[in-house]
1. Could you pull out the residue among L118, L138 that is within 56 Å of the chain's Cα centre (by Cα), surrounded by 10 or more Cβ atoms within 10 Å (Cβ to Cβ), modelled with pLDDT under 85 and not polar (S, T, N, Q)?
2. If you go through segment 55-69 one residue at a time, do you hit one that is of a type in the set (S, T, N, Q), touching an Asp or Glu at 6+ places or on another chain (Cβ under 8 Å) and under 30 Å from E18 (Cα atoms)?
3. Could you pull out the residue among T48, T72 that is of a type in the set (S, T, N, Q) and under 24 Å from E114 (Cα atoms)?
4. Could we say that P60 is at pLDDT 85 or above and closer than 25 Å to R115 by Cβ here?
5. Outside any loop (DSSP other than H, G, I, E, B), in the same structural domain as L23 (by TED's automatic domain parsing) and acidic (D, E): is that true of E66 in this structure?
6. Could you say whether any residue in segment 48-56 is touching a residue at least 60 places away in the same chain (Cβ under 8 Å), surrounded by 11 or more Cβ atoms within 10 Å (Cβ to Cβ) and assigned by TED's automatic domain parsing to the domain that holds E18?
Amino acid sequence: MHSSPTRQESHNTSKGLEATWRLSKVQFVYDSSEKTHFKDAVSAGKHTANSHHLSALVTPAGKSYECQAQQTISLASSDPQKTVTMILSAVHIQPFDIISDFVFSEEHKCPVDEREQLEETLPLILGLILGLIIVVTLAIYHIHQKMTANQVQIPRDRSQYKHMG
């Protein structure tokens, strides 16, 4: 697989331009006559699949890119009868300031991972809020019962009233 990363200086922020890295082109060369991965291949041989005008794995300067979720990249094959799809998962790359192998700076999470993290924590947060509402309601009810317990209740039956006249 050959990829052409590009550095792009285009995102305006309050601090000025922010450098980003993105994967803009992918060229995937495969040999469908290889029986290990391509059993019973029709029109076997070497083929190339490309993707142009791609904007994947976008990473801000000084950060690494991490994505545990599956990402799909569709490629146009040199064989028009074939569809090539690259599926990436558990990706962690360091496009900027490479110190040594497998040393990553602070990660920039992909949008899918951020959404999944929110989906995991949101029920917990809502449960805690609901629990807090229940506790506050019970406390108010308890305080109300204590304050009204010592008050004399006036009978509503008016038969015991004397006529003032």
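1. Working: L138 fails: modelled with pLDDT under 85.
Testing whether each residue is within 56 Å of the chain's Cα centre (by Cα), surrounded by 10 or more Cβ atoms within 10 Å (Cβ to Cβ), modelled with pLDDT under 85 and not polar (S, T, N, Q) leaves just L118.
2. For segment 55-69, residues of a type in the set (S, T, N, Q), touching an Asp or Glu at 6+ places or on another chain (Cβ under 8 Å) and under 30 Å from E18 (Cα atoms): present.
3. After applying the criteria, what remains is T72.
4. Yes; evaluated as a whole, the condition is true for this residue.
5. It is true that E66 is outside any loop (DSSP other than H, G, I, E, B), in the same structural domain as L23 (by TED's automatic domain parsing) and acidic (D, E).
6. no
The values are calculated or read from the model by the stated rules, or taken from the named source; none is laboratory data. No experiment lies behind these values; they were computed from the predicted model shown. Because the Cβ atoms are built from the backbone with ideal geometry, glycine has one as well, and the counts that use them run over all protein chains shown.
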